[in-house]
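A short worksheet on the structure shown next.
The values are calculated or read from the model by the stated rules, or taken from the named source; none is laboratory data. The model shown is predicted, which means the values in this text are computed figures rather than measured ones. Using ideal geometry, Cβ is built from the backbone for each residue, glycine included, and neighbour counts are taken over all protein chains shown.
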Amino acid sequence: MKKITILLALVLVVGSSFAQKNKKQIIYLKNGSVIKGNLAQVDDQKVAINSGRNIIVINEAEIDTITSKWKPESFDGIKAPYFIKTSIGILAGGSNNSKPTPFSFDASFNYGICPQCYVGAGLGVDLLEESYLPVFLNLEYHFRESQFTPFVGIQGGYMVPLDDHVRTQTYYDMAPWISYWPNYYQETLDNKGGYLINPSFGFVSQVNQNLGISLSFGYRFHKVGFEGDNEYELEREYNRLSIRLGILFN
C-alpha cells in the first residue's frame, strides 16, 4: 500500500509540475519549516510536494499556510530586556551662535524596568564652542510593542569639559572720558562644565528582532561655567534643537 501511495504521489506531482512549471508554491508547515515546490493532492489526508529533485509526502494536517509569495518576517518590537543605542545628530541654534549646528554623538545602555519603559546610562561627545563629554541618565517610554512605535524620552546629566582652559576676550574701559575706543584683553578661564537636560520625542522602526532605527527631535538646554583670576566667573547657556538619528541593537 505504501509503494502504491508513493507511486501515485510521483505521478501526480510530475503531472502537476508540467502543468504549472512557473507556479511554484511556498508551503509553511506548523513546525516552522518552509518548502517551495509544486503541490499535488494524493488522497484525503496526504499531499505530495515536488521540491527540486525531491518528492516529499506529508499529512495535510501538518500544513499551516500555502502561498505563492514569501511571507515577510513577522515580529513585534524589542523582545530583549535591554538595548544599546548609538546616535549622531546636530544641536541647531540661532544665527548668533558661533557654531549654529555643532555635531553631537552619544551611546547608551538601556534596560527595561516595565513593559515599554527603559532606563539607561550613557556618554557622548558634543562639539560646541568647546568640546564636552556629556555623561547622562536616560529614560524612554515606547508607546507600542510593535515593529514601528513612537516614543518619548528625557536625558539629564553633566557636561564634562574636554577643554580644561579657554581663552576669552573681556571688555574694560577704565577711563571712558579719555578713550573713544573700547579696550579688550585676553583672559584664560578654567572650564568647569555644567548640567544638561534634553526632553525628546521620536520614532523607532525595527528592522528585525535585534536591530532598529530611530529618529528623534528634542530640546537641549545646558549651562556651563568658567572661572578666572580675581574670582572672575562666567556662565554660558545653550538652548538648542536636537535632531538625532540612532541605531538600536541587542
Problem set entry | Hey, Ser108 closer than 30 Å to Val135 by Cα and modelled with pLDDT of 80 or more or not | yes
Exercise. Among (1) modelled with pLDDT under 85; (2) within 15 Å of Tyr232 (Cβ to Cβ); (3) surrounded by 12 or more Cβ atoms within 10 Å (Cβ to Cβ), which single condition is Gln169 missing?
Worked result: (3)
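Residue by residue, here is whether (1) on the phi < 0 side of the Ramachandran plot; (2) surrounded by 15 or more Cβ atoms within 10 Å (Cβ to Cβ); (3) modelled with pLDDT of 95 or more holds:
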| site | (1), (2), (3) |
| --- | --- |
| Gly94 | yes, no, no |
| Gly112 | yes, yes, no |
| Gly120 | yes, yes, yes |
| Glu130 | yes, yes, no |
| Phe136 | yes, yes, yes |
| Arg144 | yes, no, no |
| Thr149 | yes, yes, no |
Problem set entry | Residue check for Ser214: assigned to a strand (DSSP E or B) and under 16 Å from Tyr141 (Cα atoms) | yes
Exercise. For Leu245, are the conditions met, namely being at pLDDT 85 or above and either aromatic (Phe, Trp, Tyr) or at negative phi (or both)?
Worked result: yes
Seminar exercise, completed: Residue hits (region 217-250; in a strand (DSSP E or B), more than 24 Å from the chain's Cα centre (by Cα) and polar (S, T, N, Q)) are Asn239
Problem set entry | Enumeration of residues in region 186-217 that are surrounded by fewer than 16 Cβ atoms within 10 Å (Cβ to Cβ), farther than 23 Å from Ser104 by Cβ and out of contact with any helix residue (DSSP H, G or I) (no Cβ under 9 Å at 6 or more places or on another chain) | Gln186, Asp190, Val207, Asn208, Gln209, Asn210
Seminar exercise, completed: Pairing a residue in region 139-162 that is in the same structural domain as Val207 (by TED's automatic domain parsing) with any residue that is of a type in the set (D, E, K, R) and part of a strand (DSSP E or B), where Cβ atoms lie under 6 Å and the two sit 6 or more apart in sequence or on different chains, gives Phe151/Glu140; Gly153/Glu140
Exercise. Somewhere in region 25-33, is a residue modelled with pLDDT under 75 and either charged (D, E, K, R) or closer than 30 Å to Ser205 by Cβ (or both)?
Worked result: yes
Exercise. Can you pull out the strands (runs of 3 or more DSSP E) entirely within region 24-65 that have at least 1 residues that are buried (at least 16 other Cβ atoms within 10 Å of the Cβ) and over 37 Å from the mean Cα position of the chain (by Cα)?
Worked result: 34-41, 46-51, 54-59
